[in-house]
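Visitor: Shown below is the structure under consideration.
The values are calculated or read from the model by the stated rules, or taken from the named source; none is laboratory data. Given the structure is predicted, the values throughout are model-derived calculations rather than measurements. Heads up, the Cβs are rebuilt from the backbone with ideal geometry, glycines too, and the neighbour counts pull from every protein chain shown. Please note that ligands, DNA and RNA were not included when accessible areas were found on the heavy atoms of the full protein model with its side chains. Shrake-Rupley method; radii C 1.70, N 1.55, O 1.52, S 1.80 Å.
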Amino acid sequence: MIEKDFVKNEFLKNPSLYWKVKVFDEFNFIRQKCKNCGKYFWSVVKKDFCNDGFCIDYKFLDFDKITKRKLNYIEVWKEVKDFFEKNNHTVLETYPVVCRWFPLNFTIAGIVNFYRLTKGKLDFEMPANPSLVNQICLRFNDLDNVGLNGRSYSCFGMINQQTIFYNKEGYWKDECIELDLNLLTKVFGINIELIDFIEDIWVGPAAFGPSLEYHVLGLELGNAVFTEFEVGFKPLEKKVIDMGAGWERFAWISSLKPTSYEVVFDEQLKQLLKSINIDYDEEKLKNFFKYTARINVDDVEDVYLELEKCREKAKIDKEYFEKDVKKLIDIFIILDHSRALLFALSDGAVLNNVGGGYNLRVLFRRTLDILKELKIEISIDELFSLHERSLKVLFPKIYRNKETIKRILEIEYKKYLESKKKEVEIIKKLKNENKTLSEEEILKLYDSHGINPILLKNENLIKEIPKSFYLKVSKMHEKEKKVEESFIEIDGIEKTEFLFYDKIYEFEAKVLKIVNDFVILDRTAFYPRAGGQEPDKGFINNCEVLDVLKQKDIVLHKLKNINFKEGDIVKCFVDKNRRFRISKNHAATHLINYVCRKLLGEHVWQHSAFKDEFKARLDIVHFENIDEYLLEKIEKEVNDLIEKNLPITVEILERKEAEKKYGFEIYQGGAIDEKLLRIVKVGFDIEACSGTHSDLSSTREIGFVRIFRAKKIQDGVVRLEFVAGESCLDYLREKEKILKECCDILKVEEKELPKKVKEIFDNWKKLRKIIK
């Protein structure tokens, strides 16, 4: 990744080229340097300090009126939506907060809706150009700031204005900032003298560009990013504008409440305040929160010391701060975290101890800890219902899967209570040991046993809570990024022609390269290991094919006793019987996944899969184990679908078209970094899949499916093991053989076997007792 400081220094050599726009000339904006932070900014007023809150606090809270009328949370979005619709922007529906189309756990920004990978590189695909979306986002890097500075959230709405500037489509910097300035001044009626545009830059993994943040009296309302270069300062063919505005922040500056939480959680907050004794004095609270703009746990050594400074500046007595302000901050945290959980669970997330699921568990347990501390008698489910009533007008699908969510909450609450029982003994033991706990030990106590650092502090086991505690906890369970494995050097070798998607099992090919045991052909019908499907076997010029692998777009064949050389034409034979067995197991995987989603809920998602010649397994995301009754029900429905003789078809679609037609459910196997998707329909299941499904034409060809085991393999993941077709017959024959051997040993008929085994077991227990 290119260094941000390097890019900024290059841009500063010619700032007008990168940051100056037409409206700055039209309204006589002056470029100035802030005497506090050193940033450059544009304002119609000559002054010493920019409008960043870190430089002037939340100065807007000193005003009685900023916008031409005070708007609530919902009204703010309506105003923005109407303005951009009138200016020829297509308003898109919000995307899920669970990110299925790109390798992220959650949608962390509005522009992520349009992120796609193509051959390992970031691509932008927008369904309309230009467009606007009000995207609910989840981020966990700001957890420690939630409630403290009036603006931070783990769950927030990002109003995203985006366009691709290419071939006379879309627009560029001048039009973007003109639109945004008109939004501020004409729609919201904000005095132009109160607005600053602060220069900054955005640097991504493969592209970068300048940005202009717009701030009003201490509050950043939006940031327009102009992605126009790739590494090496090479101009991008397709330039991208990504303007993200804070829905909550617009509502805040319009309402002028002490924090943004009062206007965002208006009705929810009123309900919670009925459950607790808090003196809500708006003027006192405004005076306090006005000085919290600088609070960022990452930037300060001691957040409690910073809060104390804010208290002193606001001239609020310590008793009011301890008794009322701190409790209010805790209620803000409860409301934020519960809303984040509601959106995530509504979009099919589950709580577990891996990646995004662990982040959600942190929110869940922190919320319960605070409710317990404040002695507020309300369940998470009841909090969800409060949010639902306020949000349903804009998000009609929210909390649609109530019964599933309630079951998830019930299971998680039991786990929480179990951890609290253990907590008592652990605290007692720590007190007896009388040792100083390191930061690592404090994090581990929370991670392994759910012991909140506030409790440790209250019990005098630690002096201070570690800085950015919840951020550090969230990072503990992040998944490691997968690195594509490289087997041999393939530079200069042409892409392999794939024949394995056609019904070809015998073919001739030219040998392009031989490296040790690996052979590269110009074309191949041998399917390489991919997507959990095991590779084909067979022979190349009578040499046994031991393994088949894929490295980028080139297929590698691992052979035994190679008897040919580079440049030769070789005869190749794919083991057709093996291929068909694997294809049947793979098709059965699709049906099982479909039925699991249908019977267990929309949260079920393929975690991973394995399809071999004689066996297969499917790991699904699910919050509890599957009992025998449900397993039989799943198996029966799968076999009913097979018996219906439903078609198995394959179609090639543009990614954008496939998503529009079938939704993000097609990404059961994960996001795909190809422009063209291979959409496989196995009965009613529709997925983007690279498996060899062309071998079968209907579900009846799969044969009978037997799911012989379901077991929980990790928190939130259940494995189903099964066989299909001939493999199913092999499995049943093996079981029959074992059954017969047991009957022969015990000299009983099959129907008498369970009774005999119980008799032997009971005798063994009696004898064991006598021996003891």
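Visitor: Could you please tell me which pairs satisfy a Cβ distance under 8 Å, a separation of 6+ or placement on different chains, a first residue in region 79-92 that is closer than 16 Å to Ala245 by Cα and in contact (Cβ under 8 Å) with a residue 12 or more places away in the chain, and a second residue that is open to solvent by 60 Å² or more (accessible area, probe 1.4 Å) and not aliphatic (A, V, I, L, M)?
Guide: Correct list of pairs: Val91/Lys81; Val91/Glu85; Leu92/Pro127.
Visitor: Another question, if that's okay. Report yes if some residue within region 191-198 is closer than 21 Å to Phe6 by Cα and open to solvent by less than 10 Å² (accessible area, probe 1.4 Å); otherwise report no. Step through it out loud before you land on a result.
Guide: Going residue by residue through region 191-198, those that are closer than 21 Å to Phe6 by Cα are 198.
Checking which are open to solvent by less than 10 Å² (accessible area, probe 1.4 Å) leaves us with 198.
Checked region 191-198: at least one residue is closer than 21 Å to Phe6 by Cα and open to solvent by less than 10 Å² (accessible area, probe 1.4 Å).
Visitor: Look at region 665-685 and say how many of its residues are under 16 Å from Leu646 (Cβ atoms) and open to solvent by 50 Å² or more (accessible area, probe 1.4 Å).
Guide: 2
Visitor: Still on this structure: Scan (1) under 30 Å from Lys327 (Cα atoms); (2) part of a loop (DSSP other than H, G, I, E, B) for the single condition Ile190 breaks and write down its number.
Guide: (1)
Visitor: Sticking with this one: Please verify whether Pro96 is buried (at least 19 other Cβ atoms within 10 Å of the Cβ), in a loop (DSSP other than H, G, I, E, B) and not small (Gly, Ala, Ser), treating the condition exactly as stated.
Guide: yes
Visitor: Write out, first by first residue and then by second, each pair whose Cβ atoms fall under 6 Å of each other, whose residues are 6+ apart or on separate chains, and whose first residue, in region 302-316, is β-branched (Val, Ile, Thr) while the second is open to solvent by less than 40 Å² (accessible area, probe 1.4 Å).
Guide: Short answer, once both residue conditions are applied: Val303/Val297; Ile316/Phe288.
Visitor: Pull up region 18-32, narrow it to residues that are in contact (Cβ under 8 Å) with a residue 60 or more places away in the chain and part of a helix (DSSP H, G or I), then point me to the one that is most open to solvent (accessible area, probe 1.4 Å). It would help to see each step written out before you state the result.
Guide: Going through region 18-32, the residues in contact (Cβ under 8 Å) with a residue 60 or more places away in the chain turn out to be 18-19, 21-24, 27, 29.
From what is left, the residues that are part of a helix (DSSP H, G or I) are 18-19, 22-24.
Numbers: Tyr18: 32, Trp19: 2, Lys22: 141, Val23: 5, Phe24: 1 Å².
Applying the filter and picking the extreme gives Lys22.
Visitor: A further question on this structure: Would you point out which residue out of Phe226, Phe289 is open to solvent by less than 10 Å² (accessible area, probe 1.4 Å), over 21 Å from Phe54 (Cβ atoms) and either of a type in the set (Val, Ile, Thr) or at pLDDT 95 or above (or both)?
Guide: Numbers: Phe289 fails: over 21 Å from Phe54 (Cβ atoms).
When all the criteria are applied, what remains is Phe226.
Visitor: Could you list, ordered by first residue, the pairs with Cβ atoms under 7 Å in which the first is in region 537-565 and over 11 Å from Ile520 (Cα atoms) and the second is hydrophobic (A, V, I, L, M, F, W, C) and open to solvent by 80 Å² or more (accessible area, probe 1.4 Å), at least 6 apart or interchain?
Guide: Gly538/Phe573; Phe539/Phe573; Val545/Phe539
Visitor: Looking at (1) farther than 29 Å from Val350 by Cβ; (2) open to solvent by less than 80 Å² (accessible area, probe 1.4 Å), which is the one condition that is false for Lys766?
Guide: (2)
Visitor: Is it the case, given these coordinates, that Tyr662 is more than 32 Å from the chain's Cα centre (by Cα) and either among the basic types (Lys, Arg) or open to solvent by less than 50 Å² (accessible area, probe 1.4 Å) (or both)? Spell out the reasoning first.
Guide: Details: more than 32 Å from the chain's Cα centre (by Cα): no; either among the basic types (Lys, Arg) or open to solvent by less than 50 Å² (accessible area, probe 1.4 Å) (or both): yes.
It is false that Tyr662 is more than 32 Å from the chain's Cα centre (by Cα) and either among the basic types (Lys, Arg) or open to solvent by less than 50 Å² (accessible area, probe 1.4 Å) (or both).
Visitor: Is it true that some residue in region 508-515 is open to solvent by 70 Å² or more (accessible area, probe 1.4 Å) and at pLDDT 90 or above? Don't jump to the end; show me each part of the working.
Guide: To start, the set of residues in region 508-515 that are open to solvent by 70 Å² or more (accessible area, probe 1.4 Å) comprises 508, 510.
Then drop every residue that is not at pLDDT 90 or above, which leaves 508, 510.
Yes: region 508-515 contains one or more residues that are open to solvent by 70 Å² or more (accessible area, probe 1.4 Å) and at pLDDT 90 or above.
Visitor: May I ask you to verify whether Arg578 is more than 36 Å from the chain's Cα centre (by Cα) and either open to solvent by 10 Å² or more (accessible area, probe 1.4 Å) or of a type in the set (Phe, Trp, Tyr) (or both)?
Guide: Yes: the conditions hold for Arg578.
Visitor: Looking for whichever is at pLDDT below 95, more than 21 Å from Cys55 (Cβ to Cβ) and either within 33 Å of the chain's Cα centre (by Cα) or β-branched (Val, Ile, Thr) (or both) here; the options are Ile295, Ile278. Which one fits?
Guide: Residue meeting the stated conditions: Ile278.
Visitor: Separate question: Regarding Asp685, is this residue touching a Gly at 6+ places or on another chain (Cβ under 9 Å), touching a residue at least 24 places away in the same chain (Cβ under 8 Å) and not β-branched (Val, Ile, Thr)?
Guide: no
Visitor: Restricting the search to region 16-69, which residues are closer than 29 Å to Thr227 by Cβ, among the aromatic types (Phe, Trp, Tyr) and in contact with a Ser or Thr (Cβ under 8 Å, 6 or more places away or on another chain)?
Guide: Listed by number, the list holds a single entry, Phe29.
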